[in-house]
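The values are calculated or read from the model by the stated rules, or taken from the named source; none is laboratory data. Computed from a predicted structure; not experimentally measured. Here the Cβ positions follow ideal geometry from the backbone for every residue, glycine too, while neighbour counts run over all protein chains shown.
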Ligand code: NOJ
Ligand code: CA
């Protein structure tokens, strides 16, 4: 195993025993708290629910290494938690402060880390900072948000926004505040005003908040839209370009990715690094692997979106993997993300992209990619049971941009991937005894933890096998990666290598059998399958020839 450079963690003896670069070796499981497990019957998942399911996730169960919680802070809920009204506390909807501390300590006892979602680009308009800031041009919070005078008046005499910037959630990025007679900037909803990070008070307050969570034992953070924190200080209009939507009709040159962001990031990362064994992952708000790699440093990863945007095509995945390997190089560590709370479920999305009916087959093959490629895998809750998108009727839509979607503003409904975790096939799915906050998918078909636990052919069983194989073999966690030409355009294959250890992974994207050619594992050695999508993975028939079943993924090692 690669030498650890971790400083002694003081969190728990269990973690001490499992010491390593957990953010690189480990699998991070994303929980959308309101949809994971509800213990008090109010229909909303909560922290005691997560505590009750730690054994499902921990070493005695699935065997992930860390849990990333989507926002748990008090919030009016207009962007379902990403509009935070107090970053220092836990929303009573999810539980008490004591519940949170108990979650950290119970997770640590099982060797599981806790990663929080930090939403620092904006606050809710109900945050006390914004309430003070909008009330007057004077006062300690007056400059904590991005206030600007109008650029003039329109023909009706209404104030005109300062520039042409638009909101990602539709409409202009500026909202008028009559009390100040000024506009404020909001990259997302008008109820999510952007903070002015160039005000030293904002940085000090945010860093103080971060320190508070670190002191409570939090192991890391996911940083919401972090490359947007700084905008051009003069706020010039963005250049225009041809595009399908108001957002894509602009080059986002001035409303994100500013040169002094690197310094801000360095200060922030130094704060996190002053606590042992912590990590962060930044959410790149648009951008490819080159931008992600440029912002990646040791312990501080960055999401890029090529994998999540790919269709179910061997050639598309292979090209992305090769580009990532070139871009990140041996010294920078990439992330592996096939789904999250913003995108359609991977089984639904990928199967639909190739017109495949066998969604569970695609879910299992995708698991081989997620857990077999090089990088830290982020596993979105429910993917391990092959959860699929749930159709949400128009009158039940919660996702705010989806409510305003129309011909001028195309939007996918993010509710469809945020539905309750399916624990059992009973009504309520073992998620709640009450009325769920959003509708539950069809769990009777066997796509739930209880039924899948009893079926070795299930998606869950495949995830358990692949996770166990990964845990047992450092080469799969930290080895280098080279793609291999297996001679079939619907198959992707690659070698992982760590010192003398080798593993070969092959995934058949097609639904029919494919015979492929493997590289030789070396003199007097044979490739032996040790795990895969199927309980009995296919092995080579004669030395280097292997017939993969449709949608089969296999992991092999020399023996
Ligand atoms: C990115 C988050 O992933 C998304 O859910 C949210 O709506 C926006 N940031 C705004 O915070
Ligand atoms: Ca609850």
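Key figures for this structure:
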| read-out | value |
| --- | --- |
| Residue that is modelled with the lowest pLDDT [pool: residues in segment 1-52 that are more than 16 Å from ligand 2 (Cβ to nearest atom), surrounded by 19 or more Cβ atoms within 10 Å (Cβ to Cβ) and over 24 Å from residue 302 (Cβ atoms)] | 11 |
| In segment 519-550, residue surrounded by the most Cβ atoms within 10 Å (Cβ to Cβ) [restricted to those that are in contact (Cβ under 8 Å) with a residue 12 or more places away in the chain and over 18 Å from residue 491 (Cα atoms)] | 521 |
| Qualifying residue in segment 451-473 (condition: part of a loop (DSSP other than H, G, I, E, B) and without any contact (Cβ under 8 Å) to a residue 40 or more places away in the chain) | yes |
| Residue 274 more than 16 Å from the chain's Cα centre (by Cα) and without any contact (Cβ under 8 Å) to a residue 24 or more places away in the chain | yes |
| Evaluation of residue 175 against (1) part of a loop (DSSP other than H, G, I, E, B); (2) within 27 Å of residue 251 (Cα to Cα) (one fails), failing number | (1) |
| Inter-residue pairs, beta-carbon under 6 Å, first surrounded by fewer than 16 Cβ atoms within 10 Å (Cβ to Cβ) and in segment 288-306, second not in a loop (DSSP other than H, G, I, E, B), 6+ apart | 290/327 |
| Residue within segment 129-139 that is at pLDDT 95 or above, under 28 Å from residue 53 (Cβ atoms) and buried (at least 23 other Cβ atoms within 10 Å of the Cβ) present | no |
| Test: residue in segment 60-67 that is crowded, with 23+ Cβ neighbours inside 10 Å, within 16 Å of ligand 2 (Cβ to nearest atom) and within 19 Å of residue 29 (Cβ to Cβ) | no |
| Among the candidates 476, 502, residue that is assigned to a helix (DSSP H, G or I) and in contact with a strand residue (DSSP E or B) (Cβ under 9 Å, 6 or more places away or on another chain) | 476 |
| Selection count, segment 202-248, where residues are in a loop (DSSP other than H, G, I, E, B), over 21 Å from residue 292 (Cβ atoms) and in contact (Cβ under 8 Å) with a residue 40 or more places away in the chain | 11 |
| All positions within segment 80-126 that are within 16 Å of ligand 1 (Cβ to nearest atom) and within 21 Å of residue 58 (Cβ to Cβ) | 115, 116, 117 |
| Positions within segment 54-73 being more than 16 Å from ligand 1 (Cβ to nearest atom), in a loop (DSSP other than H, G, I, E, B) and without any contact (Cβ under 8 Å) to a residue 60 or more places away in the chain, in sequence order | 58, 59, 60, 61, 65 |
| Residue count, segment 100-158 (criterion: within 30 Å of residue 219 (Cα to Cα) and in a loop (DSSP other than H, G, I, E, B)) | 12 |
| Residue within segment 94-104 that is modelled with pLDDT under 95, buried (at least 24 other Cβ atoms within 10 Å of the Cβ), assigned by TED's automatic domain parsing to the domain that holds residue 437 and in contact with a strand residue (DSSP E or B) (Cβ under 9 Å, 6 or more places away or on another chain) present | no |
| Residue tally, condition surrounded by 18 or more Cβ atoms within 10 Å (Cβ to Cβ) and either within 16 Å of ligand 2 (Cβ to nearest atom) or within 23 Å of residue 432 (Cα to Cα) (or both), over segment 78-92 | 6 |
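One line per residue, one yes/no per condition, for (1) over 26 Å from residue 471 (Cα atoms); (2) surrounded by fewer than 22 Cβ atoms within 10 Å (Cβ to Cβ); (3) in the same structural domain as residue 420 (by TED's automatic domain parsing); (4) within 16 Å of ligand 2 (Cβ to nearest atom):
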| position | (1), (2), (3), (4) |
| --- | --- |
| 332 | no, yes, yes, no |
| 345 | no, no, yes, no |
| 353 | yes, yes, yes, no |
| 358 | yes, yes, yes, no |
| 362 | no, no, yes, no |
| 368 | no, no, yes, no |
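For every residue, the table says whether it meets (1) out of contact with any strand residue (DSSP E or B) (no Cβ under 8 Å at 6 or more places or on another chain); (2) within 16 Å of ligand 1 (Cβ to nearest atom).
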| position | (1), (2) |
| --- | --- |
| 217 | no, no |
| 227 | no, yes |
| 233 | yes, no |
| 252 | yes, yes |
| 258 | yes, no |
| 262 | yes, no |
| 280 | no, yes |
